[in-house]
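The values are calculated or read from the model by the stated rules, or taken from the named source; none is laboratory data. Just so you know, these numbers come straight off a predicted model, no measurement behind them. As a convention, Cβ positions derive from the backbone with ideal geometry for all residues, glycine included, and neighbour counts pool all protein chains shown.
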Amino acid sequence: MIVPLAGSWALILGSSSGMGAATAEALAREGVNVLGVHFDTARAAEATDALVDKLRAHGGEIHFVNANAASPSTRADVVAELRERSGGQGARVLLHSLAFGSLVPFIPPPGEAGVSARQLDMTLNVMAHSLVYWTQDLVAADLLRRGGKIFAMTSAGDARVSANYGPVSAAKNALQSHVRQLAVELAPRGIAVNALRAGVTATPSLLRIPEHEALLARARAGNPHGRLTTPEDVAAAVVALSADDSSWLTGNVIGVDGGEALTT
């Protein structure tokens, strides 16, 4: 059954740019109130403030928190804020779109350093394990209820090897495993959990990959639609899936790539 989203709440982790920002805007247009968590420097503050103003123009409540989403203290503060601002209603949508990890080879060229234990642990914690911790705390606080939707962003790098992507690839595979486990454990509560595998998208995080130009060119040439995936493509999928009150579509890795994986 399709239900209106207006008046519900979304918690977006990684809300200030890329897919998180696009999803926040798409949901705000539907009348969804948004609590966003982002981790930016002061230099990015002006752009983030402009985004918040843009979202508020749609009429809903919009609140962004600039803090490390992988920190337990941030999680505790934001869960309490969600409870207060939503009047105990909680989140209809949780989007995990954290893209902070190390892009370092496992076996480096002579004279260079390979990935360290600290870098590998940090990448897995931020980009994968934090999904579990956020879900645990939201469920414990009764802020994720029947009809709720959890989305985690993954990528085609889960099964492809490139020189510097090893830590992130490991995190994406762990993330997908967490999605499957959470989907089964939350099914009795009527909460759906899915990973969205976006096509190659020119987000700030992708542009940090050293070989990003080749990735973009290959995807643009091979995508059946003749273009790259955009953050807005992903946001549209989140809105459409969130409006379905059923939890029967759960535990999947859903391609949002215009058919890119079929041809590249």
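Quick notes on this one:
- Within the stretch 221-253, the set of residues being closer than 18 Å to residue 18 by Cβ and either out of contact with any Lys or Arg (no Cβ under 7 Å at 6 or more places or on another chain) or not hydrophobic (A, V, I, L, M, F, W, C) (or both) comprises 227, 229, 230, 231, 232, 233, 234, 235, 236, 237, 238, 239.
- Single unsatisfied condition, residue 236 versus (1) assigned to a loop (DSSP other than H, G, I, E, B); (2) farther than 16 Å from residue 94 by Cβ; (3) touching a residue at least 24 places away in the same chain (Cβ under 8 Å); (4) of a type in the set (Gly, Ala, Ser): (1)
- In the stretch 239-263, the residues that are assigned to a loop (DSSP other than H, G, I, E, B) and not hydrophobic (A, V, I, L, M, F, W, C): 245, 246, 247, 250, 251, 252, 257, 258, 259
- One residue alone among 174, 187, 183 is touching a residue at least 40 places away in the same chain (Cβ under 8 Å), part of a helix (DSSP H, G or I), among the small types (Gly, Ala, Ser) and over 23 Å from residue 70 (Cα atoms), and that residue is 187.
- In the stretch 13-24, of all residues being in a helix (DSSP H, G or I) and either over 14 Å from the mean Cα position of the chain (by Cα) or not small (Gly, Ala, Ser) (or both), the one that is surrounded by the fewest Cβ atoms within 10 Å (Cβ to Cβ) corresponds to 19.
- Cβ pairs under 7 Å, 6+ apart, first in the stretch 196-212 and touching a residue at least 40 places away in the same chain (Cβ under 8 Å) and charged (D, E, K, R), second surrounded by 23 or more Cβ atoms within 10 Å (Cβ to Cβ) and part of a loop (DSSP other than H, G, I, E, B): 197/257
- If the condition is being exposed (fewer than 14 other Cβ atoms within 10 Å of the Cβ) and either under 17 Å from the mean Cα position of the chain (by Cα) or of a type in the set (Ser, Thr, Tyr) (or both), then the stretch 209-231 contributes no residue at all.
- Residue within the stretch 25-43 that is surrounded by 18 or more Cβ atoms within 10 Å (Cβ to Cβ), out of contact with any Gly (no Cβ under 7 Å at 6 or more places or on another chain) and modelled with pLDDT under 95 present: yes
- Among the residues of the stretch 25-65, those that are over 25 Å from residue 76 (Cα atoms), part of a loop (DSSP other than H, G, I, E, B) and not aliphatic (A, V, I, L, M) comprise 30, 31, 58, 59.
- The listed residue being touching a strand residue (DSSP E or B) at 6+ places or on another chain (Cβ under 8 Å) and either modelled with pLDDT of 95 or more or part of a loop (DSSP other than H, G, I, E, B) (or both), out of 124, 120, 144, 103: 144
- Residue 166 vs. criteria in contact with a Phe, Trp or Tyr (Cβ under 6 Å, 6 or more places away or on another chain), crowded, with 18+ Cβ neighbours inside 10 Å and modelled with pLDDT of 80 or more: yes
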